[in-house]
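The values are calculated or read from the model by the stated rules, or taken from the named source; none is laboratory data. Bear in mind that the values here come from a model prediction, so they are computed numbers and not experimental data. Methodologically, a virtual Cβ is constructed for each residue, glycine included, from the backbone with ideal geometry; neighbour enumeration extends over all protein chains shown.
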């Protein structure tokens, strides 16, 4: 297994796991390697130091708490990504009606609820200039990454 440090053209750093270098190059050429934050397929490898196993530690006869398997720590970016995915899963997709629904909720014409959808750049600017907070979320965050 080859673990690579990767970065997209938008400077998001992330990790990718591949069977070998050829597998990475094949997936990269087919644009299967995408940034988990913005879905950008313009990805390149970062410099990273390989981990070299210099031998095997002798087996221990006792199992201590410190040697028991531990759940891997989740990075700050991984925690953020998980929370955004939870929010997306719990929101209502209103599609092209996003701007009008958000405005109607802001003005009290509709009850407030978590929504997601599509808005043009102009609609987004208008919502923000009127004090209606919106957060652009890339489509990749609502879809599985594997």
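Remarks
- Where residue 123 falls short, out of the listed (1) over 22 Å from residue 6 (Cβ atoms); (2) modelled with pLDDT under 85; (3) touching a helix residue (DSSP H, G or I) at 6+ places or on another chain (Cβ under 7 Å): (2)
- Between 25, 53, 34, 30, the distinction of being surrounded by fewer than 10 Cβ atoms within 10 Å (Cβ to Cβ) and modelled with pLDDT of 85 or more belongs to 30 only.
- Restricting attention to segment 82-139, the residues that are in a helix (DSSP H, G or I) and within 19 Å of the chain's Cα centre (by Cα) add up to 9.
- Checking 88, 94 one by one, the residue that is surrounded by 11 or more Cβ atoms within 10 Å (Cβ to Cβ), in contact with a helix residue (DSSP H, G or I) (Cβ under 7 Å, 6 or more places away or on another chain) and either under 30 Å from residue 33 (Cβ atoms) or modelled with pLDDT under 85 (or both) is 88 and no other.
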